[in-house]
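Written out below as structure tokens is the structure these notes cover.
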Amino acid sequence: MIKALIQGLSITLKHFFQKPITLRYPQQKRTPYARFRGVQRLEKDPEGRPKCVACNLCATVCPAQAIRIEPAEDEEHRKYPGVFVIDLGRCIFCGLCEQACPKEAIRMTEDYELAVYKKEDMLYDKEHLLR
Ligand code: SF4
Ligand code: SF4
């Protein structure tokens, strides 16, 4: 009994002086791994316009059917997404949308902070994704 008690205390003492592995989130944040896939971002061209040409490839390839795009056209007959919404409540962060895009217009970022209070807040629209 005494032997087991001493063994237990020695383990406690050993870990007491070691550097803790837990982080004080959200003050401290873990650096994601290099290939981590977080929230998507829509890229802009040098003129500040969305690179996306609303070709719908990302929405077609998405296995979770999480992307909704409504194409529009500007005065130069250039197509752009009038509506571009990703439902992050459905997204499985597979990265297929990024791989399918011919314009490198959509990127997976390292952002993993997705906690929201309302389900509707999981819908990320174009303005949100371009930020
Ligand atoms: S990461 Fe995968 S599931 Fe999420 S929007 Fe892109 S293709 Fe769809
Ligand atoms: S993000 Fe890329 S694949 Fe998706 S609609 Fe825009 S250009 Fe097409």
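A short reminder: the numbers here are calculations on the coordinates, not readings from a lab. As the structure is a computational prediction, the values presented were derived from the model and not from experiment. Positions of Cβ are generated from backbone atoms using ideal geometry, with glycine treated the same way; all protein chains shown enter the neighbour counts.
Using the charge dipole of the range 22-130 (Lys, Arg: +1 at Cβ; Asp, Glu: -1 at Cβ; taken about the Cα centre), state which of Ala59, Ile86, Leu114 has its Cα farthest towards the positive end.
Sorting the options by dipole projection puts first Leu114.
Can you give the net charge of the other residues whose Cβ lies under 13 Å from the Cβ of Leu23, counting K and R as +1 and D and E as -1? Could you put the intermediate results ahead of the total?
On the way: positive: Lys19, Arg24, Lys29, Arg30; negative: none.
Every neighbour counted, the sum reads +4.
Can you list the cysteines of the chain that have no other Cys Cβ under 4.7 Å away?
Cys52, Cys55, Cys62, Cys91, Cys94, Cys101
What are the ³J(HN,Hα) values, in whole Hz, obtained from phi via the Karplus relation 6.51 cos²θ - 1.76 cosθ + 1.60 with θ = phi - 60°, for each residue of the range 61-68 in sequence order, with x given for Gly and Pro?
With the stated coefficients, the range 61-68 comes to 7, 5, x, 9, 6, 9, 10, 10 Hz.
For Lys44, give me every one of the aspartates and glutamates with a C-alpha distance below 14 angstrom, ignoring sequence neighbours fewer than eight places off in its own chain.
Glu104, Glu127
Under 28 Å Cα-Cα from Lys118, which lysines qualify once same-chain neighbours fewer than 8 residues away are excluded?
Lys29, Lys126
Find the eigenvalues of the gyration tensor of the Cα atoms of the range 22-130, then list the square roots of 5 times those eigenvalues as equivalent ellipsoid semi-axes, largest first, in whole angstrom.
After diagonalising the Cα gyration tensor, the semi-axes are 27, 15, 14 Å.
Just from its helices, what would the mean residue ellipticity at 222 nm be for the chain, if runs of 4 or more DSSP H residues each count -39500 (n - 2.57) and the sum is divided by every residue, rounded to the nearest 500 deg cm²/dmol? Each step should come with its number before you reach the end.
Details: 4 runs with 30 residues, N = 131.
That calculation yields -6000 deg cm²/dmol at 222 nm.
Say each of Val116 and Ala64 gets a label point 7 Å from the Cα, pointing the same way as Cα to Cβ; how far apart are those two points in nm?
Roughly 1.2 nm, to one decimal.
So how tilted is helix 2-16 from the main axis of the chain? Cα-based, degrees 0 to 90, rounded to 10.
40 degrees
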